[in-house]
1. Enumerate the pairs (first residue in region 250-274 and hydroxyl-bearing (Ser, Thr, Tyr); second residue anywhere and more than 10 Å from the ligand (Cβ to nearest atom) and outside any loop (DSSP other than H, G, I, E, B)) with beta-carbon separation below 7 Å, excluding pairs fewer than 6 apart on the same chain, so at least 6 apart or on different chains.
2. Of all the residues that make up region 195-219, how many are in contact with a helix residue (DSSP H, G or I) (Cβ under 8 Å, 6 or more places away or on another chain) and without any contact (Cβ under 8 Å) to a residue 60 or more places away in the chain?
3. Look through region 244-264, keep the residues that are in contact with a helix residue (DSSP H, G or I) (Cβ under 8 Å, 6 or more places away or on another chain) and closer than 19 Å to Lys181 by Cβ, and return whichever of them is nearest to the ligand (Cβ to nearest atom).
4. How many residues are loosely packed, with under 14 Cβ neighbours inside 10 Å and under 24 Å from Asp122 (Cα atoms) when one looks only at region 412-453?
5. May I ask you to say which residue of Glu228, Glu179 is surrounded by 20 or more Cβ atoms within 10 Å (Cβ to Cβ) and closer than 30 Å to Gln145 by Cα?
6. Condition test on Gly341, is it buried (at least 17 other Cβ atoms within 10 Å of the Cβ), within 24 Å of the chain's Cα centre (by Cα) and at positive phi?
7. Which residues, counting only those in region 98-125, are among the charged types (D, E, K, R) and surrounded by 13 or more Cβ atoms within 10 Å (Cβ to Cβ)?
Amino acid sequence: MLHRRQSVSPMRAAAVLAALSLLAACTQPEGRYAYDATATQSIPPAFAAPGGIPGKNDWSGESGASGHPQMAADAIRQAAAHFPQCLERLWPEAARRGISRATYDAHTRGLTPDLKIMDLMDAQPEFTKTFWEYLDLLVSEDRVQRGREVLQEHRAAFDAMERSYGVDRHVIAAIWGIESKFSTRMGDRSVVRSTATLACVGRRQDYFRNEFFAVLDLLQRGDVTAEEAKGSWAGAFGPTQFMPTVYRTYAVDFDGDGRRDVVASVRDLVASTANYFHRHGWQKGETWGYEVEVPKDFNFLLADRSRLMTIREWERLGIRRAGGKAFPRSHERVWLMVPAGAQGPGFLMLNNFRVIMRYNPSEAYALAIGHLADRLRGGGAFVQAWPRHERALSREERLEMQQHLNRRGYALGDPDGNFGPKTRAAIRDFQAAAGLVPDGFASQATLARLRGS
Ligand code: CA
């Protein structure tokens, strides 16, 4: 991850996929996607239609849905018209960062902005996915199958990585599988062009300026070639979709050939991804979390990421490991997550789950990585069923729910359809006041109750 902080991804099968982002409920200020933690699509490119829709790669010419002044159609047109001047304005800063004029010219001469990115950046998915739909999509049988083969084929690289970094090989393989379907879908946009566009046009220019300078640095050092630096619209590239700044900071030359090649060298990519996890606090020998059974009459207000207790304490409150198994250690401090509310499985989460979320600050993403890792290790599906009769709220319904909550005094700000920790806390509070189970799950029933209140 190194890059990601979120948002971005090449993907476009857009509406549907971007929607997943709404699950990215929790946002962390740092991470691979350092981008816009509240909005957007944290969907890996493996789920994007490769190359976009034919004939649809031109900018719509419309203002962005974010309403940001720099995303207004006229502002975009104007910034695009001044693209060459913008690149010239960025040159002194590039020079201060050690980029040579020759490198700068070689990669920016004649460059034009890729304005289609403006549409992708402000895409507002109408439909969203539930947690279980997201897991079904990411933890598919063919991905499990292929992942087990990849672990066999590259056993020596994974052995060496575990010795050096102490990160579970199944988690690294899961990242590789989910980010790029094991290097088969990495995105095909020029990282230089994408980051240069975003550094000069649109609402996140400061953030993307750093990415633009970082990719030039990687090219100048010879870590990657321009041909290899192809990826998502936000500039994430390679099998594990590192952003250029993540690449610059965390990539390692693990095969010893003098280049940090996280695109084509399996040893480099496995070790570099492990290095990211190691540096963000991965605890060797620990897992990410446990599926648990939660009693029907449980106080769901305790299911909060800030509420850390030992497994022994949770057991005293009636929580049991799913499937009748015992917890390996009862002193671990964990928090309870109930992604589908009282009707679905619960999970007790360890620190390593937070480390996965540093790669992509979405609980649904992190659970998919953890679960795929378990499946690659030989584990089975979750023991408990998801409430598959529930459907995700549409964008209209999410906006409506936030409006109702605002009306009842929960200061959520302008409704944006993104349900982060604040919205979920408001839902739980309303549910408690209305005599519903306060599990924070944005169900149709909760919306119906809000309408009638
Ligand atoms: Ca290398």
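1. Tyr250/Asn275; Tyr250/Tyr276; Tyr250/Arg279; Ser272/Tyr250; Thr273/Ile172; Thr273/Ile175
2. The total comes to 6.
3. This residue is Val262.
4. Here the count works out to 2.
5. On inspection, the qualifying residue turns out to be Glu179.
6. Yes, satisfied.
7. Asp114, Lys116, Asp119, Asp122
Quick grid of which residues meet (1) touching an Asp or Glu at 6+ places or on another chain (Cβ under 9 Å); (2) at pLDDT below 95; (3) not in a helix (DSSP H, G or I):
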{"residue": "Ala46", "(1), (2), (3)": "yes, yes, no"}
{"residue": "Ala65", "(1), (2), (3)": "yes, yes, yes"}
{"residue": "Ala75", "(1), (2), (3)": "no, no, no"}
{"residue": "Gln78", "(1), (2), (3)": "no, no, no"}
{"residue": "Thr112", "(1), (2), (3)": "no, no, yes"}
{"residue": "Phe127", "(1), (2), (3)": "no, yes, yes"}
{"residue": "Val144", "(1), (2), (3)": "no, no, no"}
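The values are calculated or read from the model by the stated rules, or taken from the named source; none is laboratory data. All figures in this text were calculated on a predicted structure; none of them were measured in a lab. Glycine gets a Cβ as well: all are built from the backbone with ideal geometry, and neighbour counts include every protein chain shown.
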